[in-house]
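Take a look at the structure set out below.
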Amino acid sequence: MDEKADKVFELDLLSKSIFIPESGIFVSIQVLGYANTDGKLVETKKYREIKTARGIQKISTSFRPLLPFVKGEATQRTFVRRIFFNDKKWQVFDRNYNPNSKLLQTGHRNYGMGAEFKVYED
């Protein structure tokens, strides 16, 4: 999938018999990088080296997930983690995370994903 494609990815886990507790679940997406036309990952560096006055700095290569944003959500529900930022800790995707983010400045702060659950009772 690339930025030109407008596809929906479906993952059917029905055969896995996954139990979901009433307290809910946490879903995480790890973006692995770019793929070739056969769907195989293309080897790329996870960072760029930039020469600065303080020496060579490693800057994380950004592989953005191609997910839509949900506008108007009252609470912050998206968390992010970067390999060279904040000791790899999860943090809320808000202005404290990156005050210069164009996404955050335009109100894009929650990634949107959907799920369909089938509930079975005895």
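Quick notes on this one:
- Placing a pseudo-label 7 Å from each Cα along the Cα-to-Cβ vector at Arg82 and Ser23 gives an inter-label distance of 3.1 nm.
- Label zone at Lys58 (point 7 Å along Cα-to-Cβ), backbone N below 15 Å, region 82-112: 82-89
Values quoted throughout were computed directly from the atomic coordinates according to the rules given, and no laboratory measurement underlies them. Just so it is clear, the model here is predicted, and its values are computed rather than measured. All Cβ positions, glycine included, derive from the backbone under ideal geometry; neighbour counts span all protein chains shown.
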